[in-house]
Amino acid sequence: AKEPVRVLVTGAAGQIGYALVPMVARGIMLGADQPVILHMLDIPPAAEALNGVKMELVDAAFPLLKGVVATTDVVEACTGVSVAVMVGGFPRKEGMERKDVMSKNVSIYKAQASALEKYAAPNCKVLIVANPANTNALILKEFAPSIPEKNITCLTRLDHNRALGQISERLNVQVSDVKNVIIWGNHSSTQYPDVTHATVGDKPVPELVKDDAWLKGEFIATVQQRGAAIIKARKLSSALSAASSACDHIRDWVLGTPEGTWVSMGVYSDGSYNVPAGLIYSFPVTCSGGEWKIVQGLSIDEFSRAKLDATAAELTEEKALAYSCLS
Ligand code: NAX
């Protein structure tokens with residue numbers, strides 16, 4: 001039998017946490033043969049709720065779950081973890097300035113970076129879900145210099161999966177038959193959902209949809225605004241789809257992407273596709289042997305170029321705002 005892997009979920013008393021921890025405990029993230037020990041972190045006002053989640057995990061009697069740590073202590077939470085899913089953060093509240101929200105998250109991610117660097121297992125893989133996801137990931141990277149930058153990523157897989165879902169509904173095909181959409185850039189409304197290289201079977205999606213105006217207009221806007229549409233309908237933000245996509249992200253990263261298929265991940269830019277180096281930016285990636293690689297050589301038309309640049313510009317500005325919160 002395999003040794004258990006320690007998985008950290010921060011913000012575990014929140015609504016994504018509540019959907020995510022049972023998925024991890026059922027082997028959806030790391031595989032049906034991989035035992036896990038869950039480390040759940042939240043802040044003191046949520047400690048009692050966090051303990052309730054722990055009680056439910058015990059009650060669910062998951063065969064793969066070999067232990068649960070529920071704590072408000074960052075050091076205890078980070079100790080020995082090989083996977084860290086960072087869902088906890090400071091939400092934007094009515095009337096708050098962007099800079100104030102950024103400032104709160106910068107201090108959270110700075111502190112958690114240091115704890116992960118000191119106490120996590122070597123080669124720990126980190127996924128940031130909490131918004132602003134790309135920039136929180138960048139801060140974590142900056143304040144955990146001994147964690148390799150290739151180990152720090154942010155979640156855009158939910159946007160990727162939303163794009164797959166929209167194409168499958170439009171073409172009335174199985175979502176599992178749609179492949180190779182791309183989310184470029186920021187997990188925000190400037191993200192660029194790109195189907196230029198997407199396929200169903202061996203056919204290009206643009207040829208099947210035969211409606212360029214829809215692809216360049218409504219499709220993009222629907223994916224970009226999907227988070228807001230869920231809030232409007234549910235009066236709560238996406239949770240089950242976010243949790244499921246976080247499992248997809250880690251699973252593909254650890255176990256590999258299928259031959260001929262890529263996924264979208266927010267990763268540290270090396271300047272590929274003329275995206276400024278030093279941003280955490282969503283790219284198409286393939287994974288193998290526990291490492292991601294940016295898919296190279298895709299053609300970028302003029303329409304796409306402008307979209308890639310616009311979302312990069314937003315991230316450059318967010319980065320500057322984050323840095324201004326440090327001083
Ligand atoms: P909730 O408010 O339900 O849960 C957040 C939890 O984090 C709370 O229990 C809170 O006490 C905890 N928390 C706050 N500060 C903490 C800290 N310093 N350490 C540990 N825990 C802390 O939010 P939820 O709906 O679960 O969303 C969580 C985050 O995911 C938000 O930032 C949200 O914006 C972001 N999202 C990101 C998505 C993505 O695709 N990247 C999509 C879904 C989601 O909107």
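Kindly indicate which of VAL81, VAL58, VAL126, VAL68 is at pLDDT 95 or above, more than 13 Å from the ligand (Cβ to nearest atom), in contact with a His (Cβ under 7 Å, 6 or more places away or on another chain) and hydrophobic (A, V, I, L, M, F, W, C). VAL81 is the lone residue from the list that is at pLDDT 95 or above, more than 13 Å from the ligand (Cβ to nearest atom), in contact with a His (Cβ under 7 Å, 6 or more places away or on another chain) and hydrophobic (A, V, I, L, M, F, W, C).
Residues of segment 154-189 that are of a type in the set (D, E, K, R) and surrounded by 16 or more Cβ atoms within 10 Å (Cβ to Cβ): ARG157, ASP159, ARG162, ARG170, LYS179.
For the subset of segment 269-286 comprising residues that are more than 18 Å from ILE128 (Cα to Cα) and touching a strand residue (DSSP E or B) at 6+ places or on another chain (Cβ under 8 Å), which member is surrounded by the most Cβ atoms within 10 Å (Cβ to Cβ)?
Among residues in segment 269-286 that are more than 18 Å from ILE128 (Cα to Cα) and touching a strand residue (DSSP E or B) at 6+ places or on another chain (Cβ under 8 Å), the one surrounded by the most Cβ atoms within 10 Å (Cβ to Cβ) is VAL275.
Assuming SER146 fulfils every condition listed in (1) outside any loop (DSSP other than H, G, I, E, B); (2) small (Gly, Ala, Ser); (3) away from the ligand (no atom under 11 Å from the Cβ); (4) in contact with a helix residue (DSSP H, G or I) (Cβ under 8 Å, 6 or more places away or on another chain) apart from one, which condition is it? Every listed condition holds for SER146 apart from (1). Among the residues making up segment 215-252, those that are over 23 Å from the mean Cα position of the chain (by Cα) and part of a helix (DSSP H, G or I) are LEU215, LYS216, GLU218. Report the residue count in segment 149-170 for those that are without any contact (Cβ under 8 Å) to a residue 60 or more places away in the chain, within 15 Å of the ligand (Cβ to nearest atom) and within 20 Å of LEU30 (Cα to Cα). Going through segment 149-170 one residue at a time, the tally reaches 0.
In the condition set (1) under 22 Å from HIS249 (Cβ atoms); (2) touching a helix residue (DSSP H, G or I) at 6+ places or on another chain (Cβ under 8 Å), ARG6 is compliant with all but (2).
All conditions but one from (1) more than 12 Å from the ligand (Cβ to nearest atom); (2) farther than 20 Å from LEU240 by Cα; (3) buried (at least 18 other Cβ atoms within 10 Å of the Cβ) apply to ASN51; the one that does not is (3). Of all residues in segment 52-61, those satisfying the criterion of being of a type in the set (A, V, I, L, M, F, W, C) and closer than 11 Å to VAL21 by Cα are VAL53, LEU57. Can you confirm whether ALA46 is within 23 Å of ALA113 (Cβ to Cβ), under 24 Å from the mean Cα position of the chain (by Cα), surrounded by 15 or more Cβ atoms within 10 Å (Cβ to Cβ) and in contact (Cβ under 8 Å) with a residue 40 or more places away in the chain? No, not satisfied. Of all the listed residues (VAL58, VAL75, VAL68), the sole one being free of Cβ contacts under 8 Å to residues at least 24 places away in the same chain, surrounded by fewer than 23 Cβ atoms within 10 Å (Cβ to Cβ) and at negative phi is VAL58. If the condition is being assigned to a strand (DSSP E or B), over 15 Å from THR190 (Cα atoms) and of a type in the set (A, V, I, L, M, F, W, C), then segment 276-315 contributes VAL285, CYS287, TRP292, ILE294.
Name the residues in segment 225-237 that are within 12 Å of the ligand (Cβ to nearest atom) and either closer than 21 Å to ARG170 by Cβ or touching a Leu at 6+ places or on another chain (Cβ under 9 Å) (or both), would you? Correct list: ARG226, GLY227, ALA228, ILE230. Just one of the listed residues (VAL36, VAL9, VAL24) is in contact (Cβ under 8 Å) with a residue 60 or more places away in the chain, away from the ligand (no atom under 14 Å from the Cβ), crowded, with 17+ Cβ neighbours inside 10 Å and under 15 Å from CYS247 (Cα atoms), and it is VAL24. Of all residues in segment 190-214, exactly one satisfies the criterion of being in a strand (DSSP E or B), surrounded by fewer than 17 Cβ atoms within 10 Å (Cβ to Cβ) and under 28 Å from the mean Cα position of the chain (by Cα), namely PRO204.
For segment 83-129, the set of residues classified as under 12 Å from ILE152 (Cα atoms) and surrounded by fewer than 19 Cβ atoms within 10 Å (Cβ to Cβ) consists of GLU117, ASN123, listed by residue number.
Can you tell me which residue among LYS99, LYS179 is more than 14 Å from the chain's Cα centre (by Cα), closer than 15 Å to LEU321 by Cβ and more than 15 Å from the ligand (Cβ to nearest atom)?
LYS99
The values are calculated or read from the model by the stated rules, or taken from the named source; none is laboratory data. Just so it is clear, the model here is predicted, and its values are computed rather than measured. Neighbour counts are summed over all protein chains in view; Cβ atoms, including those assigned to glycine, are modelled from backbone coordinates with ideal geometry.
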